[in-house]
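Scroll down for the structure; my scribbles are underneath it.
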Amino acid sequence: MIIHNKELEKLVKQRYKKNELKEIMNLLKSKNTLAMNPIPNTSLYMSSSNCVLDKSLPEYTGHENVWIRDNVYIAFSYYMTNNYSAAVATVKDIEKFWLKYKNRWHNCIKGTVDPFNVMERPHIRFNGFALEENEQTWSHAENDSIGYFNWLYCKFAREGILVPETEMLVLIALFQNVVEYWHEADSGHWEESRKIEASSVGTAAAGFRELKWLLEENEGIKGKFEESLQSKLNELGIKLDYISGEELVTALYQKGHDSLYSILPFECRTEGQVRKVDGALIFLIFPLQIVSGDMALKILDEVNNNLVGEYGVRRYIGDSYWMADYKALFKEQSRTVDFSEVIGIRDRFFKKGQEAQWCNFDSMISCCYGLQVLQATTYEEVNSALEKQTHFFNRNLGQITGDECTFGPWLCPGSYYIERGKYVHDDVCNLLWTQANLITASVLLERCIDKANSIRNTLPSIAKPTHYALNIIPDLSVGKFAGHVSISLTITETTNVIVANAKDLNIRNASIVVFRITPGGLDMVDSWTKDPVTHRATQTASKITVNNSLETVSFHFEKEIPATAQIILHAEFQGNHNDQLSGFYKVAYEDESGNEKFAAVTQFEPGECRSCFPCWDEPSLKATFEIALYIPKQLIAISNMPVKEEADINVNGKELKVVKFEDTPLMSTFLVAFCVGEFDFLETTISTTPCRIYTPKGMKEHAKFALEVTTNLFTFFTKYFNLDYLLPKLDLVCVPDLSAEAMENWGLIVFRESVLLLEDSTKTKRSIASTIAHELAHQWFGNLVTMEWWDDLWLNEGFANFIGSLAVEYLFPKWNVFTDFISNEYNRALVLDSFPSSHPVHAYVCSTKDIDDVFDGISFNKGAAIIRMLNSYLGSDVFAAGITKYLIKYRLGCANRKQLWECLSEVSGKNISTLVHTWLIEPGYPIITVKENYDQEHNTLHLEITQKRFAPSSHNLDKTAWFIPISIITHKGVYQEQFLLAERTGAISIPYEDGENSFWKLNVRATGLYRVDYNLSQLKRIGNALRSNLNVLSTEDRVSLLLDINALSQARLVPEVGVLELLKGYEGEDNHVVLEEVSNLLSILRNRWYNNAVVLEGINSLGRKIFSDKVAQVGFEEAESDCHVKVSARTTVIKAAAEASDEAVLTELVSRFQSYKNDEYNVVHEDLRPLMFKVALSRSTDPKSDFLFLFKIYSDEDSDPEEQDAVLESIGAINDPELLKKLLTEFLFNPDLIKQQDITTILYSIAMYSPFAEEAVKILSHWLLSNWIEINVNVPQNMIGNVIRACLFKNYNSQFIQHLEAWLTGEECKSEEQKALRLKYLLNSRKSFDQVLENLHIITDWCAKDFGALEQWFKENGYI
């Protein structure tokens, strides 16, 4: 697909979310692409906006006139956007013109002029400025223009948004009756030879159908129409052959309809003028909807197969208007001469295949498929049509001009035609018809996205499972499994087809047995075969069909199964143990002797149970499960429930054992789990519940902390939910490979090995506790009560994320869990949610295939932040009571978010549904700006608060308003009353005493999901207050201030001086999480100003002021008694001091590196190794030797993986430019030296840590641009974007930016072959280059503007 506008190309997608579509349309509005400017003092429009915007442009196109047809399409686009006043005004102005010249209608109707002399007829082009006819002549009748007007005029009247002049309706009817439009030769849509055309007849017929409906539905208008008709007949002195006006209109419609369908699917069947296909036929499908069903499909196919081109859609085969080199063939004055009578003059220049390709069709073809979406009833039909609708919409976007357009970018041309062998836009930019159609297509696409989101890919509801008896035989030696499942089903409708989910299974045999039936169904099963043992009615499936796209299997039976029957479906199946970490997959590992072994593990969330056995794989279709595994005797099998019995058994000559498990309670298929392998375990009993942690052989000692934490968390959740754990046991098992960190299967939680087992890293305990807490919370919220459908995934994960953090905070209060939560989950949510590509928390999920799109940081992190905000707003006790009420009410069932809100509302007395509505259905979050006014007389602070969506995008037009709980803290403490901001603006007044170190801050402890834009004075006051007394704000408040200021600074909403004013207040900071954010913010500033020595020294001086003294406090040496917090603080402080060029710290790290080289590996904690390596390399006196020493660690297979990662992160700090170049040219693409997956890490390491930063940036960019072809050959396509960003993101230099922009064109290439090759490899990477360029432009301009203010601030505050 050709996209002319490169900025727009970044936003084009094969499938849009509503917010993504809105982002595009907002961008087009901001660029005036969709601006349609009416003629002054009218609601009429010239055909091309060129004529309005620039009088110097040529008007030989004839588009300075008002064209009736084009104005109708403009009015229709206003109607589609609900701008009824503009739509009606345009139609009424056309009516005004025609009634002004009603004598033309009268003369034709009376026969005083020849009605077939088209210039004697009502004019369909006119001077809109004077509302007068003009001197232009044409020879096409254009019944279609009258038809279009009649259609929309009556449509508006039917909908009550316009009161019609019945005289206008009468004139149209009488005129079309006189000319007998149904078989009149016309050339309505295109100026060419007249003939009887379906596109003209159909348009007029559509108008009379609409008028017919209007008269049938509205007795008042019908009466006035009859009166006007009789009055007009009397006035003109003529008679009709019809009894009434209604009869006349019905006849006019019927004659047109019959004539139309005698021509279709052709455009014209007249001998000598036959035309099989014409683009104008599309308009009969949409917007007129006079053609539908099979005929519409046939026309669409003909247009697609014959007229659709790369640049647009041909009007018809052989069209010579704007044919190749049209401007060279015809002078300006004759380019739009009406050739209708002498078409051969133009046609003689025409060459086959050189038609112009027009831009007003793709949007309407998109709408035709949109109608199919709206009419479809199944998931498959909806999505098939939506795919085509989106494709043609994107083609229309692609036609919008880029920088190459002579009239400028962001315009909607009339067509693309061939000029000197190349397609270029024609001279009509903008064509308002194209603009109007694009607007209409976007509105319909948005409606169709809503329709698609409402259609779920679910199974037919004719069968409901109640119980599964599952037997599986895994064979890990060959990677296959076989099984048999018996599924108890209740049949709700009489059927002979049962549809279940299945994926990648070979289902061989299937049968059903009736085990219970109502008397009414006995006759239906009487003729079935009877089982010889049970004597129950049974039948074997006559056919088994699989739909791979829908992931279903259909079991067909010859005889119908009666409604209300309870049956058992038996099925045999085979499958593969895949290596995709989903379904029933296998993982390889080494035993204690180094031998390769295999284990089998299940991962069924979100929709992979179907790849293990046929099932009803939807969350709401809960059933009980009876599981048996047939495995080698030396292996262990674990499942959701305790083992019921084990026994040796011979299966097909193999000596195995069968492990049978107790029946589960009602549960969803995605929570079913089993593992097979060799395991050790630790165990305990929590209250009365046995709990085991299974580990690989020889690793169980590493699980002691996990078992201890599990015990304490289990106790916490039992008390918090005020509900006992339902299952008879709880197992945790760690496996070598898992797609996520863990999976909450009920009673059998599976963890990735590296997540559950305790190593030496300071962060491991925190990570272990958090992950276990998250999964344990699901045992109640998610398993006991399960979401009805995947669109509430955010609630399932967000709740577990928040409540897990609450539990860990309770167990380990010194860890400052919620400070860490704000720094990580909370901020990650805000960062992700600020992008235009963000999606609502409650994202529509139609199929399990869509789940990956919402299984992200928005679901996990923003969901958790919303839950935390609710908890704070309601109060912890009230919130917990509401959760317990919800779990009790829906125990063992399914529920949705609305049912949770109801429970919380009942407990709290507040309308929770209203509060959270916008947070869930809209992407993004608010930024709060505040104007303050202090009333000294009454010691009152008045705050005027305004909210808007936080979006750095310059074309953000979002007007969302959230319900925001506003909390306030001042130097006097937390103000107890919470305010609820429900509108775009609001006002708050609080008691306040202004004075030294006085301040106020919104969003106490960052419990609200919003950022606050403080002005420079406010930031200075907060900074001074913190400097005076750090504890005036909590650690949560202190860290959130840093995160806000960072985001606002990067969005250019806060000057960098404001960042520094705030940072100055953190000199006394002692919390490791807050210090880490201080360090991060300083690093961002350092990266931005790395090439400005004055500012860089100021930043480093501030960094030393904050961190240097703290190094002595934490020291380099570890003690066994050091807790997680102290170790983290040591790492943060030493790292930050080193980055701030603290000479003592740098010297110490170099010294310790020398000890490390002498085999003193514990000279620093492993978290500090990357830093030690970086410093040592950057200050090395023997760069080559030190580089080779570290590179040996990286390349040695026996090296510790964490050491290898530390080397990778630091390797770019080499202080020898020639060695650096050698790393790029000789090492990077040698697979024997560098793993492919590590290439981008090395590049980022160079960009971030090279001691000769400016030269390194030049080396990287030169390497990228000089080796572009080789890079594309050696680096996977999905990594190219990261390579580009790593090499270019610090080139804040105007000259380089110009060089890069020129390089991207390929113009400096020595040959066309080189240029073509470069551009070929740029096709898939241009978006990444454009994103980098945009950022480089912004930061380069930014630095140029801010340098003076920063230098002055650093001097005034004593940092330089």
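Summary table below
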{"quantity": "Å² per residue, accessible surface of region 125-183 at 1.4 Å", "calculated": "30 Å²"}
{"quantity": "Region 1167-1299 - percent of accessible surface contributed by carbon and sulfur, probe 1.4 Å", "calculated": "46 percent"}
{"quantity": "Relative contact order for region 141-219, counting Cα pairs under 8 Å that sit 6 or more residues apart, in percent", "calculated": "49 percent"}
{"quantity": "Euclidean distance between Cα centres, region 253-318 to region 1250-1304, Å", "calculated": "52 Å"}
{"quantity": "Probe 1.4 Å, protein heavy atoms only - accessible area per residue of region 893-972 in square angstrom", "calculated": "45 Å²"}
{"quantity": "Only Lys, Arg (+1) and Asp, Glu (-1) charged, at Cβ; the chain dipole about Cα centre in debye", "calculated": "1640 debye"}
{"quantity": "Cβ-defined net charge surrounding Leu1350, 12 Å radius [Lys, Arg +1; Asp, Glu -1]", "calculated": "-3"}
{"quantity": "Residue-count net charge about Lys1222 - beta-carbon cut-off 11 Å; Lys, Arg +1, Asp, Glu -1", "calculated": "-1"}
{"quantity": "Cleavage-rule hits (trypsin sites (Lys or Arg not before Pro)) in region 335-432: DSSP loop, at most 15 neighbouring Cβ within 10 angstrom", "calculated": "Arg348, Lys351, Lys352, Arg420"}
{"quantity": "Rounded accessible area per residue of region 1268-1337, 1.4 Å, Å²", "calculated": "54 Å²"}
{"quantity": "Mean-position separation - Cα centroids, region 1114-1185 and region 1030-1099, in angstrom", "calculated": "24 Å"}
{"quantity": "Percentage relative contact order, region 789-865, counting C-alpha pairs under 8 Å, at least six apart", "calculated": "53 percent"}
{"quantity": "Radius ratio Rg over Rh of region 129-282, counting only Cα atoms, Kirkwood formula for Rh", "calculated": "0.99"}
{"quantity": "Principal-axis tilt of helix 876-889 within the chain, Cα atoms, nearest 10 degrees", "calculated": "70 degrees"}
{"quantity": "Normalised alpha carbon radius of gyration of the chain [divisor 2.2 N^0.38 Å]", "calculated": "1.08"}
{"quantity": "Label-reachable residues, region 569-583, where backbone N falls under 12 Å from a point 7 Å from Glu741's Cα toward its Cβ", "calculated": "none"}
{"quantity": "Residue-averaged [θ]222 nm for the chain, counting only DSSP H segments that reach four residues, each worth -39500 (n - 2.57)", "calculated": "-14000 deg cm²/dmol"}
{"quantity": "Whole-number Å³ per residue for the convex hull built on Cα positions in region 472-627", "calculated": "134 Å³"}
{"quantity": "Solvent-accessible surface (1.4 angstrom probe) belonging to Ile243, in square angstrom, nearest 10", "calculated": "150 Å²"}
{"quantity": "Accessible surface of region 396-457, 1.4 Å probe, proportion on carbon and sulfur as whole %", "calculated": "48 percent"}
{"quantity": "Net charge, Thr490 excluded, C-beta distance under 14 Å - Lys, Arg +1, Asp, Glu -1", "calculated": "+2"}
{"quantity": "Acute angle (nearest 10 degrees) that the helix 1253-1266 long axis makes with the longest principal axis of the chain, alpha-carbon atoms", "calculated": "50 degrees"}
{"quantity": "Heavy-atom accessible area ranking, 1.4 Å probe, most first, across Met323, Met699", "calculated": "Met699, Met323"}
{"quantity": "Carbon plus sulfur fraction of accessible area for region 699-764, probe 1.4 Å, in percent", "calculated": "46 percent"}
{"quantity": "Cα-based helix-to-principal-axis angle, 143-158 vs the chain, degrees rounded to 10", "calculated": "60 degrees"}
{"quantity": "Under the Karplus curve 6.51 cos²θ - 1.76 cosθ + 1.60, θ = phi - 60°, whole-Hz ³J(HN,Hα) for region 1155-1168, x wherever Gly or Pro sits", "calculated": "5, 4, 5, 9, 6, 8, 5, 9, 5, 9, 5, 4, 5, 9"}
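The values are calculated or read from the model by the stated rules, or taken from the named source; none is laboratory data. The shown structure was predicted, so the numbers you read here are calculated from the model rather than taken from an experiment. Cβ coordinates were reconstructed from backbone atoms using ideal geometry, including for glycine residues, and neighbour counts include every protein chain displayed. Areas reflect the complete protein model, heavy atoms only, side chains present, ligands, DNA and RNA absent. Shrake-Rupley method; radii C 1.70, N 1.55, O 1.52, S 1.80 Å.
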